[in-house]
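Taking it in order: structure first as structure tokens, then the write-up.
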Amino acid sequence: MKPVNEMKIEFVSRSSNESFARATVAAFVSQLDPTISELADIKTAVSEAVTNCIVHAYKNSIGTIYISVQIFDTGRITIKIRDKGVGIPNIKKAMEPLFTTGGDERAGLGFAVMQSFMDKIKVTSKIDKGTTVTLEKDIIPRVLRNG
Amino acid sequence: MNIKTEFSDKTLTAIIEGDIDHHTAKGIRETIDLAVEEKNPSALTLDFGNVQFMDSSGIGLIMGRYRLMKLLNGNLELVNLPEHINRLISLSGLFSLDIIKNKGCEQIETRE
Ligand SMILES: Nc1ncnc2c1ncn2[C@@H]1O[C@H](COP(=O)(O)OP(=O)(O)OP(=O)(O)O)[C@@H](O)[C@H]1O
Ligand SMILES: [Mg+2]
């Protein structure tokens, strides 16, 4: 399936870019006329993935974070968030709710939130090469919403 | 500054404004912890009425303040939770702790 629209951004892993990233993705998917609740879900999931790049992937360094968003004519959106950081040794374990290597102030819920707020999540990772998180969500077309 | 604190009747209220994410959480945490240290309150109330956005960094923030208040034998209360933040907190299972949640959210959830 070919996307009907697509965008790509990249930016350095500074925490001040967390709000930039989620706002930019939200602005792009707004063309599908999502509900406020759908938009909040997307912003939260993007914020989780981007924060993970900053906090974990580039823990002791500054690297580049890559985001691409594709929109399909069915109303499906696919969001890819990619880093070239440390990678995840055990993805299954990392995705378990409450698992964290981030210490006291982290809840270990980022993946659980992405899973719950989006329709689909896929994570691929390679040690010292980086991690890609792919998120999918079907935006219900407005014509069908009230019917 | 995206946080204001008020103190009366042994209760410290922190009114948080704007977005709670990893970038802003540190400043919010430091302001609250400093005020707690100064006032030694028996209850801490976090007011989310003016919060536009929160991700799991906010859950970490709440958990940390819960632990802090337990150390002081005090309580933590969450008020004026917007719908989306309420969903996020429900997902976290935080409501199974003895955190008081009221005003602006009709039903109090309990979990096993
Ligand atoms: N992009 C990444 N690169 C390297 N490790 C990662 C990455 N994303 C997640 N991880 C690992 O997976 C764990 C779980 O991530 P998750 O987002 O669920 O929780 P957290 O970030 O630790 O806490 P929270 O998201 O609640 O603040 C992290 O603690 C970290 O060890
Ligand atoms: Mg995380």
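The charge dipole of chain A, taken about the Cα centre with unit charges on the Cβ atoms of Lys, Arg (+1) and Asp, Glu (-1), comes to about 360 debye, rounded to the nearest 20.
This model, with +1 at the C-beta of Lys and Arg and -1 at the C-beta of Asp and Glu, gives chain B a dipole about its Cα centre of some 220 debye. Tell me, what is the FRET efficiency for B:Q52 and A:S61 to the nearest 0.05, using R0 = 45 angstrom and their Cβ-Cβ distance as r? The formula returns an efficiency of 0.90 here. Relative contact order of the stretch B:3-101, taken over Cα pairs closer than 8 Å and 6 or more residues apart, is 28 percent.
Couplings 3J(HN,Hα) for the stretch A:27-40, derived from phi with the Karplus relation 6.51 cos²θ - 1.76 cosθ + 1.60 (θ = phi - 60°), are 5, 5, 6, 4, 4, 8, 6, x, 6, 4, 5, 4, 5, 5 Hz, where x marks Gly and Pro.
For the residue pairs A:K80/A:K126; A:K2/A:K137; A:K2/A:K129, alpha carbon separations beyond 19 Å are given by A:K2/A:K129.
The mean count of C-beta atoms from other chains within 10 Å of the C-beta of residues in B:50-58, rounded to a whole number, is 6. Here the sum of -39500 (n - 2.57) over DSSP H runs of 4 or more residues, divided by the residues of the protein assembly as shown, equals -10500 deg cm²/dmol at 222 nm, to the nearest 500. When both bridge partners sit in the stretch B:3-101, DSSP labels roughly 25% of those beta bridges antiparallel.
Placing unit charges on the Cβ atoms of the charged side chains and taking the dipole of the stretch A:52-108 about its Cα centre, the candidate lying farthest along the positive direction among A:T100, A:V55, A:I81 is A:I81. Based on Cα contacts under 8 Å between residues 6+ apart, chain A shows a relative contact order of 27 percent. For the stretch B:3-101, the number of Lys pairs with C-alpha atoms closer than 22 Å, counting only pairs eight or more positions apart or on separate chains, is 10. Here is what passes the span test in chain B: the DSSP H helices with alpha carbon length of 20 Å or more along the helix axis and a Kyte-Doolittle mean of -0.5 or above are B:56-71.
Read the figures in this text as sums done on the coordinates, not as results from a lab. Fair warning: this is a prediction, and the values are worked out from it, not measured in the lab. Note that each Cβ is placed from the backbone with ideal geometry, even for glycine, and that neighbours are counted across all protein chains shown.
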